[in-house]
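> Starting off with a structure, shown below.
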Amino acid sequence: MKIHVLTADIYNKIAAGEVVDRPYSVVKELVENAIDAGATEISVEIEQGGKSLVRVTDNGCGIEAGELVHAYQPHATSKLASAEDLFGVTTLGFRGEALASIAAVSRMKIVSRAGEEAFSLTSDGGAMGTVTPAAGARGTEVTVRDLFYNTPARLKFLKSDGAEEADVTQMMARILLSRPEISFTYLVNGKEKYRSFGDGLASALVCVYGKEILGELHRIDAEKHGVRIYGYIGNRNFSKPNRTYQSLFVNGRYVVNQTVGAAVSNAYQSYLMKRQYPFYVLFLEIPPEIVDVNVHPNKADVRFADNQVVYGCVYSVVSSVLDGNSRALEYLVPDGSDSAPATSSVPAAPSAPAAPSAELPRKGPEKKAPAPDVAQSMTYAQAKEELSFKIPPYGGGTPLPPREEEPVRLEVHAPQTEDAFEENKKLLSAAQPRVEVASLRYKGELFRTYLLFECGDDAYIVDQHAAHERIIYDRLREKVRNRTVVSQPMLAPYLITLNAPEFSFLEKQFSLLEELGFEIGDFGGGTVKVSAVPSDLVRLDCKAFFDEILSSMESLRAIRLSDLLKDKLAQAACKAAVKGGESLTAEEAGALLAEMNGDMGLKCPHGRPVAVHVKKSELEKLFKRIV
Ligand code: ADP
Ligand code: MG
């Protein structure tokens, strides 16, 4: 066997895959470089989800002409000169891999000006040109075209333009929130998506979520046991259908962390229902010695020296604010304390707090007493001890789902699980055969609810509501199955404002929803417009329906659109069906039976039997005529 030493070219392409696997990571690395360069203005541009173009321009320190070549080389960094420096890293990057990796798998051009003059350097799949004078303002512009053009295998793994774009957009939103002092411009296919002004967190939130958002949030800032926690949390009536509205930054870095996630979830537990998730943009500042940031470029989590302390701090601050207890005032930041726009209004501190309002959904047992506040002067070790037996058990929160990439498909009528009723029907009809309608004689009703039919030595007692419900349900479902659903335009269209991942997810369901009778489309600006619903579902609660779809987007268990629709159809059928207590004429009873087609094995959409079979011999046994 011969051992080959890889050429630099091949080596760089392999290494590139570790740092740069998608447009998302290219944008992230370039923006982090711009931030590290001290930029106060950063502009990001992508086209075709970043596949054909990523351009990041900044007004940072620039790269000296003599250094341009080094910037392209692997393990070239200005941020670390010796091994000792590793322990004092304050910049986002320091491995010196990103530019080299991106250059190896794209056509890249850097124009940069550190001093009086700008210079540019291009690279084609890692093959560098020469440094030439160029025109350019102070700062750096990195243009990356045709990502992975020379590594087709990698190209194949990219998601659709829309999905890659959604991921980049979601990240841009987070970067923008994490650096409210920097002014960002973000353009997608030439259209401006975000523009922030570098004038504070409130302003950044408005840029990402619209100006109404501030009215739904509490601004907090608290410090406990050396942990500072600040940012915005949704008020107790504000929820989202999934976790994509949750951002956590630990020591300036976006991370996904179970401990903090569970602490916040548990604090909201008594206010939110199942499948409602809190909104938050939270910043944690934790002494570096008790936090271990995993700085792998594509993953972001942190480990805390002690989860319980962090859990306790977050839980106690968030739940104090939500519950409106006496500590809340201390944690809440009054309006206007940062240069927020005049329109912003952070909700006033709950002045008459204590009792949550009656309509709040309270589920499960009352919240356990939150950890009492401990004197700020307490040492870390004392705090640990104090908290470890007072906080609710960690892990009570819903576990976070695996990050992204879970393919979620909504389908209609997957053949194998076609319908549980169909199954039931088969089983039951063996025992309760279809009865010839003509052979059944209507003998009257009981309690204005049960219709009595006789056929030879058999009697059938039919629940008129259940039977009618089932008939309507079958009819509706048949229409869905045959795609003959009629759309009913809504008086006022229903608008749904979505974030990037939600939009990209819902957009994929458009055609299916249309086939089912919805009229739905892109309304621009991340908003979806529903202008018609299936005519049988005119009273559909659009918010609940679409929240349900959106809540499935990150769960492992993808709900099937057909199941969701079945639910709605069952509700519609139930509303339309005759009720128990309504007297039917003999003709109406006969018509109902005819529609049932004599099928005595039917079940209503909720699974209750439609008919009960009684044999003459069973009655005779009851009367002891026979034994
Ligand atoms: P790292 O960020 O880990 O140092 P990179 O490959 O991302 O490695 O960048 C290599 C070097 O290029 C950086 O250390 C920095 O000196 C320089 N550089 C990259 N981008 C910029 C920028 N936007 N402005 C100024 N210098 C930059
Ligand atoms: Mg870098």
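Here, each number is a calculation from the coordinates, and none is a lab measurement. Note that this is a predicted model, so its numbers are computed, not measured. For neighbour counting, all protein chains shown are included, and Cβ atoms are generated from backbone atoms with ideal geometry for every residue, glycine included.
> Can you pull the one-decimal nm distance between simple spin-label points at Thr484 and Phe510, each 7 Å off the Cα toward Cβ?
2.9 nm
> For Leu53, which sequence-distant residues (separation of 5 or more, or a different chain) have an amide H within less than 5 Å of its own amide H, given hydrogens modelled in the peptide plane?
Amide H neighbours of Leu53, under 5 Å, 5+ apart: Glu47, Asp146.
> Take the alpha carbon gyration tensor of segment 109-183, find the square roots of its eigenvalues, order them as a ≥ b ≥ c, and report rounded if a/c is under 1.5; if not, report prolate when a/b exceeds b/c, else oblate.
Because a/c hits 1.5 or more and a/b fails to exceed b/c, segment 109-183 counts as oblate.
> Of Lys479/Lys566; Lys508/Lys529; Lys211/Lys274, which pairs sit farther than 21 Å apart, going by alpha carbon to alpha carbon?
Lys211/Lys274
> Rounded to the nearest 20 Debye, what is the dipole magnitude of segment 421-614 about its Cα centre when Lys and Arg each give +1 and Asp and Glu each give -1 at the C-beta?
Once rounded to the nearest 20, the dipole reads 80 debye.
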